[in-house]
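Reviewing the structure listed below.
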Amino acid sequence: MALQQISDTGILSWVCTGEGCGNQITTHYLDERVAYQQSVKRARDGFPRAVIALPACPECERQTALHADYTRRDILRLNVLKPVVNDIGLVQGFVMHLPHVRNLLLHHLLHQAGRIPHAPLLPLLPEQRTLHPWLQSLSRDVAHAFWFPYSLIDIAAQVPFEEYLMGLHGGRPLPPAVEPLQVRAPGAS
Ligand SMILES: [Zn+2]
């Protein structure tokens, strides 16, 4: 289950995964039915599981939920990151799959609205940052697909974000393309 989009005005879009349904659903993130829930059950690793529940499908009543409260372990275990390799196969950095980026962004929005008491593990891209024009040209989703992995790794304290991004491109100028690294959903080929 994944969001297809969080619009600039806060509209969430997703497709119902109910069997044979495929209904396109939209709602605003402040809809009261968009609800953070901590499960009473614990996952196999012993940590409580939390989700952001979405409104049930009006066609088939299927209830869906998004992963919340990612831990570092989740991010590694759930195959959230995709390595970016250079021409000779060395890993230059990581990009986060967009469904997970949107889960984290929605968690941030709900936290800012006072609907979730704590922020996610990974911080938002600082708005006051003087952004490279290429970064400014990206959608919020795609910019965070680069930013979230960067914020997680240890080199964050040493290499400015723009330099890190340049490194992902082998030191070449950043391209004008909107999705230059072809960020894909998990399981897509
Ligand atoms: Zn449905």
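Quick one: what pairs do we get from region 93-113, first residue within 13 Å of GLY10 (Cα to Cα), second part of a helix (DSSP H, G or I), C-beta under 8 Å, 6+ apart or different chains?
ARG102/ASP141; LEU105/ARG140; LEU105/ASP141; LEU105/HIS144
If you take the residues in region 53-100 that are assigned to a loop (DSSP other than H, G, I, E, B) and among the β-branched types (Val, Ile, Thr), which one is nearest to the ligand (Cβ to nearest atom)?
THR64
Tell me the strands (runs of 3 or more DSSP E) entirely within region 1-42 that contain at least 2 residues that are surrounded by 13 or more Cβ atoms within 10 Å (Cβ to Cβ) and within 14 Å of the ligand (Cβ to nearest atom).
Result: 11-15, 24-28.
Name the residues in region 62-92 that are without any contact (Cβ under 8 Å) to a residue 24 or more places away in the chain and either within 22 Å of PRO160 (Cα to Cα) or not hydrophobic (A, V, I, L, M, F, W, C) (or both), would you?
Listed by number, the residues that qualify are GLN63, ASP74, ARG77, PRO83, VAL85, GLY89, LEU90, VAL91.
Quick note: the coordinates plus some simple rules give every number you see, no bench work behind them. Everything numeric here is computed off the predicted structure, so don't read it as measured data. Please note: Cβ atoms are built from the backbone with ideal geometry, for glycine as well, and neighbour counts cover all protein chains shown.
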